[in-house]
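K.L.:
Okay, here's the structure, questions in a sec.
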Amino acid sequence: MRSLAAVLAALWAGSLTTICAVVAPTLFATLADRRLAGETAGHFFHLASLIGLAIGAVLLILVLARRLRLPARWGSTLIVVTAGLPLLSQLALGPAMRGAQAAGDMSRFGLLHGVSAILFFAACIGAIVLVVLVSRPAE
């Protein structure tokens, strides 16, 4: 099960960091229509949230079923937080950003976008830490 967990964690970290560090910046660099770039990036961020939710659920089930050992105090919490941050961004900040953008309040939009970026960055770090944790030999 440790190998499965390592592959899942790597897929999670890879997909999340690729979308955050490659796909979104590339869309804004190559598409002339910034609104289209933002909408397309939003779809990819939504996909990243769903992937994280699915993989996070599988990893958490493995931990709770004692098929995967992680540091007892914070291993499960790391999984929940790493999956939860992008979801929080999508469910709470996404609608607020769309509302601010529709109202023409670009200052508020920029603030919310910055918070969302921090949440996704933290999730990237969490997923990378999970890769390291599950890839270590069993003790």
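Read-outs throughout are calculated quantities, based only on the coordinates presented, and are distinct from any laboratory measurement. Fair warning: this is a prediction, and the values are worked out from it, not measured in the lab. Because the Cβ atoms are built from the backbone with ideal geometry, glycine has one as well, and the counts that use them run over all protein chains shown.
K.L.:
Can you tell me which condition Gly104 does not meet? The list is (1) outside any loop (DSSP other than H, G, I, E, B); (2) over 21 Å from Val63 (Cα atoms), and all the others hold.
P.N.:
(1)
K.L.:
Quick one: Gly104 ticks every box in (1) at negative phi; (2) surrounded by fewer than 17 Cβ atoms within 10 Å (Cβ to Cβ) bar one, so which box is it?
P.N.:
Single failed check for Gly104: (1).
K.L.:
Take the residues in the stretch 54-100 that are among the hydroxyl-bearing types (Ser, Thr, Tyr) and without any contact (Cβ under 8 Å) to a residue 40 or more places away in the chain, then tell me which one is farthest from Leu4 (Cα to Cα). Quick ask: steps written out before the conclusion?
P.N.:
Start the filter on the stretch 54-100 by keeping residues that are among the hydroxyl-bearing types (Ser, Thr, Tyr), which leaves 76-77, 82, 89.
If we keep only those that are without any contact (Cβ under 8 Å) to a residue 40 or more places away in the chain too, we end up with 76-77.
Details: Ser76: 17, Thr77: 20 Å.
The residue in question is Thr77.
K.L.:
When you look at Ala127, is it in contact (Cβ under 8 Å) with a residue 12 or more places away in the chain, closer than 17 Å to Val58 by Cα and either charged (D, E, K, R) or in contact with a Cys (Cβ under 9 Å, 6 or more places away or on another chain) (or both), yes or no?
P.N.:
It is false that Ala127 is in contact (Cβ under 8 Å) with a residue 12 or more places away in the chain, closer than 17 Å to Val58 by Cα and either charged (D, E, K, R) or in contact with a Cys (Cβ under 9 Å, 6 or more places away or on another chain) (or both).
K.L.:
How about the stretch 89-113: which of its residues are small (Gly, Ala, Ser), under 16 Å from the mean Cα position of the chain (by Cα) and under 20 Å from Thr40 (Cβ atoms)? Please lay out each step first, then the result.
P.N.:
Taking the stretch 89-113 first, the residues small (Gly, Ala, Ser) are 89, 92, 94, 96, 99-100, 102-104, 107, 110.
This time we only want the ones that are under 16 Å from the mean Cα position of the chain (by Cα), so: 89, 92, 94.
Of everything in the stretch 89-113, those that are small (Gly, Ala, Ser), under 16 Å from the mean Cα position of the chain (by Cα) and under 20 Å from Thr40 (Cβ atoms) turn out to be Ser89, Gly94.
K.L.:
Of the numbered conditions (1) farther than 21 Å from Leu11 by Cα; (2) touching a Gly at 6+ places or on another chain (Cβ under 8 Å); (3) β-branched (Val, Ile, Thr), Ile79 satisfies every one except a single condition; which is it?
P.N.:
Looking at each condition in turn, Ile79 falls short on (1).
K.L.:
Let me ask something else. Do we have Gly56 as more than 15 Å from Phe121 (Cβ to Cβ) and assigned to a helix (DSSP H, G or I) here? Give the derivation first.
P.N.:
Values: more than 15 Å from Phe121 (Cβ to Cβ): yes; assigned to a helix (DSSP H, G or I): yes.
Against the criterion (more than 15 Å from Phe121 (Cβ to Cβ) and assigned to a helix (DSSP H, G or I)), Gly56 qualifies.
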